[in-house]
Each structure stands twice: as structure tokens, then as C-alpha cells.
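Rule-based calculations on the coordinates, nothing more; no lab input. This one's a predicted model, so the numbers in the text were calculated from it and none came from an experiment. A quick note on method: Cβ atoms are made from the backbone with ideal geometry, for glycine too, and the neighbour counts reach across all protein chains shown.
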DNA sequence: TAGATAATGTTGCGTTCGCAACAAATAGGC
DNA sequence: GCCTATTTGTTGCGAACGCAACATTATCTA
């Protein structure tokens, strides 16, 4: 690969957008997590897997597809599923159509825990995001972030 | 604390905004980091500390203020500074005005490494963000994310 | 259909994060 | 001044991440 001529200046708007993107979201996620944990429930990382499964047909998704949906790298998802399975919240079953793969299946325990967590989670989202952004702003934010993926 | 009556529904816009906020930024940051690391340079987490110091008067900021600027939790910043100091990129010196505190000072080595990293970093930002969002969109994104902090 | 290539998932290893508990110093209320 | 509460920073510990290397299976190509 030829080293391209890299200019040493970037636009202020680009710098500002990057700094905001880099710093703000983790802080917001941490606040949401802190609220949920203080009530004794799951982190959002765990929750989101259960949520994705709860929406999937038969509470079942192939691990590969789960990673793509949740934007989680393979090696991280692999161990995240390990932890969820160790808690009995999901199960890994061989994928019928592909001997390499696994379907991740939501257990009853996982389904119940997700449902129990939801009110606390929803409340955290209302307070951390709903109270700070109008509905219109929420839509704009979704749209802008979608362009970056 | 009295358990507040928590509704079990939230608006679709809020859910979408949260999901985007939760998933997209880490993926973008990881892509930027991968580019920079593939060229043998610093992760953005390290870079941003050096950057903040390079902008500060005399290349020097109190650790507490650095944490607030960068939105890094105390216990994480403490160890991040440890690592940077172990590499000789910064130094910790007692804060003259407050015996509890430390000023973090950029070393010559840190200054040089930051400068050397910049072209690669800037190029990564142009490609990952500049090419996906217009200047106007970049401004909107900054503004929306600022509201969440 | 054999051989090379790609996709899927796991694991060893070191790094980094997050909580809780802690020590030390300052600031405030009386 | 004195006692308490707050602020600042560190550390032990376990959880989670990220890279590189790996095994296994599927897919493509000739």
C-alpha cells in the first residue's frame, strides 16, 4: 500500500464531531448501566443479546447473525455468549444447516430476566435520553449514526 | 428510594436512538483505532490524552481536569496516566496548589509521538467520518451528542 | 472431485475497564 | 480551631476487550 499524502489539517467540524462521538456515548452508556446495576439488573451489553433473541423467531438466532446485528466482534460475542450460557440465560445449540455454526437460544430464565429488567431499563432511557433530546432530535441522531456504520 | 411507576413502553424513536448510540460509536472508534494501530501508532485513547496536554498551557493539566475534559472516570484515568508515564510520554508532578493533586505534563517524547501520529489519525477521521457525513451533518451530530452529556 | 480459499467460532495472552474500598488532603459549618 | 463532609487520587479484584493464531466446516475453482 502506497502511503498517501496526508494533510496535517482537518476541518474543525470534523474534529468536533469525532471528539463528541468518541467521548459522549460511552459516558451515556455508563450512566444507563449504573442505573440498571444499582437496581440489581443486567448490564445493557447482556440485556441487548437477550433483547435481540426475544425479538427473533422462536427466540433463536445464529451466532454469526447476532454479531452482525449487534455490531459485536466474533471473539467478543463468543465469550459474551459463554457468560450468558453460564448463567443459564441462553443456550448454544448446533446450527442445523451449517455444522460450523451455532444457534443461540433464549431460555425461560433469560426471557424472564429480560422482561424483569425492562422497566428499569426503559426508565433509564427516558431519563438519560428522552429528557435531553426531543423526538425529532432522537430521529436525527439515529439517522446520523446510521450513516457511520 | 420508592420504586416509581415505570411504564413498560417507550417511543420507537427513543429506542432507535438508544440502539444507535449504544452500538455505532464503538464500532467507528474501533475502525479508527485499527487504522492507526496498523501503522504502528497510538490508540485514540492514548492519543487524546497527549492531545489534550499539547493544547494546554505549558503542556500541563491537572489530572482531575483532564478527567473532566476527556470524560474519563478517575480510576481509569489514574491507570491510563500510569501507562503513559511508563512509556515516558507524560510525567506526573505534584500539584503546587493542592497537595492531593497531580499535574500531568507532556514530555518531549510524548509531544513528538503525538505529532507523528497526527497525519495517520487525521486521515482515518477523514475516511471514517468525513466521507460519510457532510460538514453540516458533522455539526448536527456534535450538537446532539453534546446535549447528552 | 481434489485442492485452495473463505467463513465460523474458539482460545491464549495481554490490555483495559468498572466497582468497591481505601488513604490523604481540603473545605465548610459550628 | 475542630470535627465532619467532600474532593482527589490509588489499588485489589474480577469482568470484558482486542489481537493473533488456531481448528473446523463450507464454498469456490479448476
CD proxy, 222 nm, chain A: helix-only mean residue ellipticity via -39,500 (n - 2.57) per DSSP H run with n ≥ 4, per residue, nearest 500, stands at -20000 deg cm²/dmol
Going 7 Å from Cα along the Cα-Cβ axis for the label, what nanometre distances separate residue B:78 from the same residue across the other copies?
3.4
Distance-filtered residues of region B:39-67 - backbone nitrogen under 17 Å, label point 7 angstrom along residue A:8 Cα→Cβ
B:51, B:54-55
Averaged across A:114-127, how many Cβ atoms of other chains sit within 10 Å of each residue's Cβ atom?
3
Could you tell me the ratio Rg/Rh of the protein assembly as shown? Both radii from Cα atoms, Rh via Kirkwood.
1.00
On a 0 to 90 degree scale, rounded to 10, what angle separates helix B:44-55 from the longest Cα axis of chain B?
60
In degrees rounded to 10, the 0-90 angle between helix A:12-38 Cα long axis and the longest Cα principal axis of chain A is 30
Does region A:1-79 come out rounded, prolate or oblate, given a ≥ b ≥ c as the square roots of the eigenvalues of its C-alpha gyration tensor, rounded meaning a/c under 1.5 and, failing that, prolate meaning a/b above b/c?
oblate
Expressed as cubic angstrom per residue, what is the convex hull volume of the alpha carbon set of region B:13-147?
137
Once the label point is set 7 Å along the Cα-to-beta-carbon vector, what list of distances in nm do you get between residue A:45 and its counterparts in the other copies?
1.1
Please report how far the C-alpha centroid of region A:95-149 lies from that of region B:89-149, rounded to the nearest whole angstrom.
30
If you count, for every residue in B:129-135, the Cβ atoms of partner chains within 10 Å of its Cβ, what is the mean?
5
Pairing the Cα long axis of helix A:108-125 with the longest principal axis of chain A, what angle in degrees results, from 0 to 90 and rounded to the nearest 10?
30
Nearest residue to the symmetry axis between A and B, taken on chain A by its Cβ, in whole Å
A:25, 2
Taking 8 Å as the Cα distance limit and 6 or more residues as the minimum spacing, I'd like the relative contact order of chain A as a percentage.
23
Let me know the mean shielding of A:26-36 by other chains, meaning the per-residue number of their Cβ atoms within 10 Å of its Cβ.
3
Place a point 7 Å from Cα of residue A:91 in the direction of its Cβ. Which residues in region A:37-72 have their backbone N less than 14 Å from it?
A:59-61
Taking the label point as lying 7 angstrom from Cα along the Cα-to-Cβ axis, what are the distances from residue A:9 to the corresponding position in the remaining copies, in ascending order and in nanometres?
5.3
